[in-house]
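Read through the structure below, which is laid out as structure tokens, and then see the notes.
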Amino acid sequence: MALPADPLTGALVKITHLVPSLHPGGPEIGLVDLATAAPRAGLDISVVALASTSDTAQVSALRRLGVPVVELGLAPLDPRAVPRTAKALRDQGAQLVHSHLGHADVVAAAAAMRNRIPAVSTLHNVKNDLADGGDRVRRTARIVARQRFVKRTIAISRVQQDWYRGLRAAVDTVLVPDGVVDPGPVDLAERNRRREALGVDDREVLAVCTNPMRRDEGLELLLDACEALPDELPLVVALCGDGPMRPYLESRVDDTDELDGRVRFAHRHTDHASLLNAADLVVYPAEYGAAPTVLLRAMAAGLPVVSTQVGGIPEIVGPTTGVLVPQDARRMADALVALTEDAERRARLGAAARARFLAGHEAVGWAERLAAVYASVLTPTST
């Protein structure tokens, strides 16, 4: 279903995405991928972030694509959030607001009501362990906002739909799996340069992990698995990213003989796409995940995956495209050994992953599915 054009001007309907911030270290929601594909799906999008970020990589990428971006510079729970967001939506001419993550959902619902435009929201997490009473209050507020003011709630995986029903939220969800931009063919010269920079030779297999360096991302589990690998295994593991755990992880690797010769840390600002271009496989050791974008990028790059079997990951990674393991270091080590020693299997799994990406997770198709959701909200139903 195509988005309806304005009957007077013929212009495309304007969609504004509201997010807590555009910091690259935050939860990735793929706005740059969506913006890249948006014109081919007939979408005219803009972005409003409640907070500002000192790392403007995503802001710059969006603006290079011609996407208007506004950062409001607000602290969490700032009482000015709703009126300032409502004004930003009016300034952008938004006819629908699409919110993502946490407090942004509540703010979007209230600002949309002020502006008398519809709101759509995407669920991004599957997480039941609430830290305290404040967490419970905030989740309840988001549920109430969805019930009363949000026209469509989008889930990105089936397990997430089931999880949300289990909260007794009384909110119907529509399933729209995320997508990412097709990276195209491997740049062999860039691949060789990146591998050389990491000290990986032609006889070695490079496994890449791009998880943020936070406690719930499973990086300690991955290092435990690396310690259990046979010394002679020709596997190098590269960690890419940043976060509060990076100094600890670097210290642990430096102080452990089994890790020091095997684990490499890419520069904090290394482009993940270029690292995937150099990889032979991807490792995802996190404790939970609804539909991690990093796994979609691995599929797009034609790479097999070794991942923990949590959340919605089995909907992305199956036995034909990778290896799923429990949150157990020994099982993860066994999976890494098996793929390192079998180049033909890696190639077979990677080809199947690439085909699965093209069939269900390429960014243009994702944008078209979102456009259909917007159209269902904006197009009056006949009576």
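The values are calculated or read from the model by the stated rules, or taken from the named source; none is laboratory data. Just so it is clear, the model here is predicted, and its values are computed rather than measured. When we count neighbours, we look across all protein chains shown, and the Cβ atoms used for this are built from the backbone with ideal geometry, even at glycine. The accessibility values were calculated without ligands, DNA or RNA, using every heavy atom of the protein model including side chains. Shrake-Rupley method; radii C 1.70, N 1.55, O 1.52, S 1.80 Å.
Being of a type outside the set (S, T, N, Q), over 27 Å from Thr379 (Cα atoms) and touching a Lys or Arg at 6+ places or on another chain (Cβ under 6 Å): is that true of Asp242 here?
Yes: the conditions hold for Asp242.
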## Note on the structure
Residues in the range 216-245 that are open to solvent by 10 Å² or more (accessible area, probe 1.4 Å) and in a helix (DSSP H, G or I) total 6
### Query
What are the residues in the range 21-53 that are modelled with pLDDT of 90 or more and either in a strand (DSSP E or B) or open to solvent by 60 Å² or more (accessible area, probe 1.4 Å) (or both), if any?
Thr36, Pro39, Arg40, Asp44, Ile45, Ser46, Val47, Val48, Ala49, Ser52
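So, in the range 199-226, how many residues would count as being touching a residue at least 40 places away in the same chain (Cβ under 8 Å), more than 17 Å from the chain's Cα centre (by Cα) and over 17 Å from Ser274 (Cα atoms)?
Taking the range 199-226 as the starting set, the residues that turn out to be touching a residue at least 40 places away in the same chain (Cβ under 8 Å) are 199-200, 205-212, 216-219, 221-226.
Adding the requirement that they be more than 17 Å from the chain's Cα centre (by Cα) leaves 199-200, 205-207, 219, 221-226.
Among the residues that remain, those that are also over 17 Å from Ser274 (Cα atoms) are: 219, 221-226.
Of the residues in the range 199-226, 7 are touching a residue at least 40 places away in the same chain (Cβ under 8 Å), more than 17 Å from the chain's Cα centre (by Cα) and over 17 Å from Ser274 (Cα atoms).
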### Query
Has the range 56-65 got any residue that is in contact with a Pro (Cβ under 8 Å, 6 or more places away or on another chain) and touching a residue at least 24 places away in the same chain (Cβ under 8 Å)?
yes
### Query
Yes or no: Ala111 open to solvent by less than 10 Å² (accessible area, probe 1.4 Å), closer than 17 Å to Val144 by Cβ and of a type outside the set (D, E, K, R)?
yes
### Subset of the range 172-215 (residues that are under 20 Å from Asp271 (Cα atoms), surrounded by fewer than 18 Cβ atoms within 10 Å (Cβ to Cβ) and touching a Ser or Thr at 6+ places or on another chain (Cβ under 8 Å))
Glu190
#### Entry: Residue check for Asp105: modelled with pLDDT under 95 and either assigned to a helix (DSSP H, G or I) or surrounded by 19 or more Cβ atoms within 10 Å (Cβ to Cβ) (or both)
yes
### Task
Would you mind stating whether Arg268 is among the basic types (Lys, Arg), within 19 Å of the chain's Cα centre (by Cα) and closer than 19 Å to Arg193 by Cα?
yes
### Task
Just give me the residues in the range 245-265 being among the charged types (D, E, K, R) and within 17 Å of Glu196 (Cα to Cα), in sequence order.
Arg262, Arg264
## Note on the structure
Among strands (runs of 3 or more DSSP E) completely within the range 252-370, the ones holding 1 or more residues that are touching a strand residue (DSSP E or B) at 6+ places or on another chain (Cβ under 7 Å), small (Gly, Ala, Ser) and buried (at least 17 other Cβ atoms within 10 Å of the Cβ) are 305-308, 322-325
### Message
Filter the range 73-101 down to the residues that are closer than 25 Å to Asn125 by Cα, touching a strand residue (DSSP E or B) at 6+ places or on another chain (Cβ under 7 Å) and open to solvent by 20 Å² or more (accessible area, probe 1.4 Å) and list them by number.
### Response
Leu101
### Query
Taking the range 162-211 on its own, how many of its residues are on the phi > 0 side of the Ramachandran plot and in contact with a strand residue (DSSP E or B) (Cβ under 8 Å, 6 or more places away or on another chain)?
1
